[in-house]
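The values are calculated or read from the model by the stated rules, or taken from the named source; none is laboratory data. Computed from a predicted structure; not experimentally measured. Every residue, glycine among them, receives a Cβ derived from its backbone with ideal geometry; neighbour counts consider all protein chains shown. The protein model used for the area step is the full one, side chains on, heavy atoms only, and it has no ligands, DNA or RNA in it. Shrake-Rupley method; radii C 1.70, N 1.55, O 1.52, S 1.80 Å.
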Amino acid sequence: MAAELGAARTGEHFIAITDPGSKLVTLAAQHGFRATFLNDPNIGGRYSALSYFGLVPAALMGVDVVTLLERALVAGCNCESCNCSPDGNNYGAYLGAIMGELARAGRDKMTFIFSPDIAAFGDWVEQLIAESTGKEGRGILPVVTEPAVVPGVYGADRLFVYLRLRGDDSQDGTARALADVGHPLVTIHLDDGYDLGGQFFLWEMATTVAGYRLGINPFDQPNVEAAKVLAREMIDAFQKKGVLPESPGTPLSLETLHAFLAGSRSGDYVAIQAYIQPTDETYRLLQAMAAQIRERYCLATTIGYGPRFLHSTGQLHKGDGGNGLFIQLTSDAGRRLPIPDETGRDESGISFGILKLAQAAGDAE
């Protein structure tokens, strides 16, 4: 931007959404950002959809923020004891109790079915549940990327949740088939896309209640920082020696993959961690790989792009009961895209490709 417009006009093309006192506040002031939105620092990242972090981008997209927040307020009021009759409609507590109690009973693979138009909600709810509950040897694994198949490949560790948009019956048959063979199924009806405002609050409340039932703190993420520390150690080693330390994992081949998965136990899950370029074709191939693993070994199988998943399911991978089997895919970045050591200067001690590989190695460690 500076090269195109000149340094004096660069800042007006940026806004910052951040917590008070962060380095981004300083950067925004230094470069004269167009606006800075200071969020309430008491709101954790995965609980922040209805704060500036979610609402500013929503407003820029043309979302009717008032309507979205009205739906959230209704959901919030319905979860307050003063508004609930003795047999009241506190769906947040009901849903949280279902999540927590079934997880305690071994049904800790919470598998989502979505009406296609709201399927992207899965990316958010995945982080909320995994990062909030996966710690101290416990956790609920959200499964949001599995295409639904015949019920026979699912084990007794599943809880299914169907988010159904009014007028869309495309997933009704799948949900009915799962219920007919005895799998627990929660169905949540949405009138339109703005009901997602209520869903944000509902799932935050439910996840908090589930955390209480599991006996963990749903608001911390102790293992996320541990992975960051290890990644920084990898970067330090690279900058001193010019090479990254070798990964502790086993190189992947069909033989090693099947040998690895053959040792799985009931209740295990597989996480495919793809530190590769996200494309439609890549995702199609990853889904095909996940489907073959699930059908051959009857294990819940998730897909996460790295380093994104480090801030979503990564906490659960490291903090739960140790029943994850991890397949990490890495690649050569192909071209060196340097990260400037200082804004506005060309000097660089590391590239984005090396950073990604360091994060992958830190996570594997």
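Normalised by residue number, the volume inside the convex hull of the Cα atoms of the stretch 95-221 is 96 Å³ per residue.
Per residue, the chain exposes 52 Å² of accessible surface when a 1.4 Å probe is rolled over the protein heavy atoms with every protein chain present.
Quick check of the Kirkwood formula: for the chain, what is the inverse mean of 1/r over all pairs of different Cα atoms, in Å? All intermediate terms of the calculation are to be shown ahead of the outcome.
Working: mean 1/r = 0.0445 Å⁻¹.
About 22.5 Å, per the Kirkwood formula over Cα pairs.
Compactness ratio of the stretch 216-271: Cα Rg over 2.2 N^0.38 Å, N = residue count?
Relative to the rule-of-thumb radius for its length, the stretch 216-271 sits at 1.63.
With the contact rule set at Cα under 8 Å and sequence spacing of 6 or more, what percent relative contact order holds for the chain? The partial results should precede the final answer.
Values: 574 pairs, mean separation 67.4, N = 365.
Relative contact order for the chain comes out at 18 percent.
Using Cβ point charges alone (K and R +1, D and E -1), the dipole size of the stretch 244-296 about the Cα centre works out to roughly 180 debye. Straight-line cross-link partners of residue 318 among the lysines, defined as a Cα under 21 Å from its Cα and at least 8 positions apart when in the same chain: 109, 135, 228, 356. I'd like the carbon and sulfur percentage of the solvent accessible area for the chain, probe radius 1.4 Å, heavy atoms only, ligands and nucleic acids excluded. Percent of accessible area from carbon and sulfur atoms in the chain: 55. Charge tally around residue 171: other residues with Cβ under 15 Å, Lys/Arg +1 each, Asp/Glu -1 each, net -3.
Please state the shape class of the stretch 55-137: rounded when a/c is under 1.5, otherwise prolate if a/b exceeds b/c and oblate if not, all from the C-alpha gyration tensor.
Details: a/c = 2.18, a/b = 1.20, b/c = 1.81.
Oblate shape, in that a/c is at least 1.5 and b/c is the bigger or equal ratio.
Only the Cβ atoms of Lys and Arg (+1) and of Asp and Glu (-1) were treated as charged; on that basis the dipole of the chain about its Cα centre amounts to roughly 640 debye. Note on the chain: dipole from Cβ charges, positive end direction compared against 134, 206, 13; the farthest Cα belongs to 134. Screening the chain for whole DSSP H helices of 24 Å or more along their axis (Cα) with average Kyte-Doolittle hydropathy at least 0.0 returns 196-214.
Centroid-to-centroid, using Cα positions, the stretch 316-365 and the stretch 100-148 are 25 Å apart.
The loop-placed GluC sites (Glu not before Pro) in the stretch 113-199, going by DSSP, that have at most 15 neighbouring Cβ atoms within 10 Å of their Cβ come out as 136.
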